[in-house]
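Visitor: Below: one structure in structure tokens.
The values are calculated or read from the model by the stated rules, or taken from the named source; none is laboratory data. Here the structure is a predicted model, which means the values were calculated and not measured. Here the Cβ positions follow ideal geometry from the backbone for every residue, glycine too, while neighbour counts run over all protein chains shown. We work out accessible area using only protein heavy atoms, side chains counted, and drop any ligands, DNA or RNA first. Shrake-Rupley method; radii C 1.70, N 1.55, O 1.52, S 1.80 Å.
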Amino acid sequence: MENNSGTGYFSQWKIFWPRKNFRFQFIAAVALLISFMIFVPYFFDFVEARSGKIIHDPFLDLLPVADVSWMIFFFLYFGVVSWLVTSVRTPDILLAGMQTYILVTFLRLCTITLFPLEPPAGYVPLTEPFVQFFTNGGKIISKDLFFSGHMTTILFCYYNKKKGLLKTIYLLSAIAIGILLMIQRVHYTIDIIAAPLFTWLCFLFAKKILGKQF
């Protein structure tokens with residue numbers, strides 16, 4: 001992928017959009033994101049209805065228990081909104097971010113299906129209006145555990161951002177979100193630790209394999 005300079009905020013779109021492979025990948029990415037929005041609520045219904053295992057996590061025992069929903073919400077959505085605003089001018093980076101998110105979401109659907117888990121002991125429901133908007137009946141989802149979707153969301157912002165202040169902020173936000181998720185007992189330690197690796201692999205695939213095609 002490349003990063004071309006231009007005078008207008010959307011000038012790079014004039015370079016990338018005429019490219020057939022880029023246009024096809026972008027339209028496909030948007031279509032897949034819309035498909036996820038339609039399918040995921042029913043997947044969550046399936047996940048919440050089944051029983052899973054409770055993991056003994058000694059590291060969680062070292063942390064206090066508290067409802068820190070608003071802090072998680074702040075760090076996460078500041079990252080997503082700022083990434084979208086700053087990336088919309090660079091079509092290749094925007095597409096790579098969308099593709100990273102799609103790949104890691106599909107991977108999460110697989111791992112959540114294969115490894116049914118119950119929330120950790122002391123679980124405090126995470127109130128997050130935006131996610132609940134995409135669930136049937138606005139229910140809170142508690143069993144989409146391995147691996148953390150909150151972590152992958154802030155991490156796709158981090159991996160798909162060039163060096164600078166925002167990239168550093170995304171990294172610090174990822175660390176904060178990981179700790180806060182465990183304080184609220186929304187995730188096990190393994191859910192948090194696995195997220196950076198899986199997201200990085202999806203990012204590399206999107207950038208090195210799919211990105212080379214345009």
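Visitor: State yes or no: is A195 under 14 Å from the mean Cα position of the chain (by Cα), at pLDDT 95 or above and assigned to a helix (DSSP H, G or I)? Walk me through it before giving the result.
Guide: Values: under 14 Å from the mean Cα position of the chain (by Cα): yes; at pLDDT 95 or above: yes; assigned to a helix (DSSP H, G or I): yes.
For A195, the condition - under 14 Å from the mean Cα position of the chain (by Cα), at pLDDT 95 or above and assigned to a helix (DSSP H, G or I) - is met.
Visitor: For segment 193-214, give me each residue that is among the β-branched types (V, I, T) and surrounded by fewer than 18 Cβ atoms within 10 Å (Cβ to Cβ).
Guide: Our first condition is that a residue be among the β-branched types (V, I, T); within segment 193-214, this holds for 193, 199, 209.
Answer for segment 193-214, where residues must be among the β-branched types (V, I, T) and surrounded by fewer than 18 Cβ atoms within 10 Å (Cβ to Cβ): I193, I209.
Visitor: When both residues are 6+ apart or on different chains and their Cβ atoms are under 7 Å apart, which pairs have a first residue that lies in segment 135-154 and is in contact (Cβ under 8 Å) with a residue 40 or more places away in the chain and over 23 Å from I175 (Cβ atoms), and a second that is open to solvent by less than 30 Å² (accessible area, probe 1.4 Å) and part of a helix (DSSP H, G or I)?
Guide: T135/P41; T135/F44; N136/P41; I141/F44; K143/V47
Visitor: Here is a follow-up. Anything in segment 183-208 that is without any contact (Cβ under 8 Å) to a residue 60 or more places away in the chain and under 15 Å from F106 (Cβ atoms)? List them, or say none.
Guide: Hits for segment 183-208 are A195, L201.
Visitor: Identify all residues within segment 178-192 that are open to solvent by less than 70 Å² (accessible area, probe 1.4 Å) and part of a helix (DSSP H, G or I); write none if there are none. Lay out the reasoning, then the answer.
Guide: Here is the first cut: in segment 178-192, the residues open to solvent by less than 70 Å² (accessible area, probe 1.4 Å) are 178, 180-189, 191-192.
Once the filter is applied, which keeps residues that are open to solvent by less than 70 Å² (accessible area, probe 1.4 Å) and part of a helix (DSSP H, G or I), segment 178-192 yields G178, L180, L181, M182, I183, T189, D191, I192.
Visitor: On to the next question. Answer with yes or no whether D45 is of a type outside the set (A, V, I, L, M, F, W, C), closer than 23 Å to F203 by Cβ and open to solvent by less than 60 Å² (accessible area, probe 1.4 Å). Give the derivation first.
Guide: On the way: of a type outside the set (A, V, I, L, M, F, W, C): yes; closer than 23 Å to F203 by Cβ: no; open to solvent by less than 60 Å² (accessible area, probe 1.4 Å): yes.
It is false that D45 is of a type outside the set (A, V, I, L, M, F, W, C), closer than 23 Å to F203 by Cβ and open to solvent by less than 60 Å² (accessible area, probe 1.4 Å).
Residue-wise test of (1) within 19 Å of the chain's Cα centre (by Cα); (2) in contact (Cβ under 8 Å) with a residue 60 or more places away in the chain.
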residue	(1), (2)
D45	no, yes
D57	no, yes
L60	no, yes
F74	yes, no
V81	yes, no
V85	yes, no
A96	yes, yes
Q99	yes, yes
C110	yes, no
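Visitor: Okay, next question. May I ask you to say which residue of S69, S35 is in contact (Cβ under 8 Å) with a residue 40 or more places away in the chain and of a type in the set (G, A, S)? Please lay out each step first, then the result.
Guide: Working: S35 fails: in contact (Cβ under 8 Å) with a residue 40 or more places away in the chain.
From the options S69, S35, the qualifying one is S69.
Visitor: Continuing with the same structure: Filter the helices (runs of 4 or more DSSP H) completely within segment 79-177 down to those with at least 3 residues that are surrounded by fewer than 16 Cβ atoms within 10 Å (Cβ to Cβ) and modelled with pLDDT of 95 or more. Talk me through it step by step, then tell me what you get.
Guide: Working: elements: 91-114, 129-132, 149-159.
Where helices (runs of 4 or more DSSP H) fall fully within segment 79-177 and carry at least 3 residues being surrounded by fewer than 16 Cβ atoms within 10 Å (Cβ to Cβ) and modelled with pLDDT of 95 or more, they are 91-114.
Visitor: Given the criteria among the aromatic types (F, W, Y), surrounded by 14 or more Cβ atoms within 10 Å (Cβ to Cβ) and part of a helix (DSSP H, G or I), does F26 qualify?
Guide: Numbers: among the aromatic types (F, W, Y): yes; surrounded by 14 or more Cβ atoms within 10 Å (Cβ to Cβ): yes; part of a helix (DSSP H, G or I): yes.
Criteria met by F26.
Visitor: Which condition number in (1) charged (D, E, K, R); (2) closer than 30 Å to F24 by Cβ; (3) within 14 Å of the chain's Cα centre (by Cα) is the one that D144 fails?
Guide: D144 satisfies every listed condition except (2).
Visitor: Report yes if F73 is open to solvent by 90 Å² or more (accessible area, probe 1.4 Å) and of a type outside the set (A, V, I, L, M), otherwise no.
Guide: No: the conditions fail for F73.
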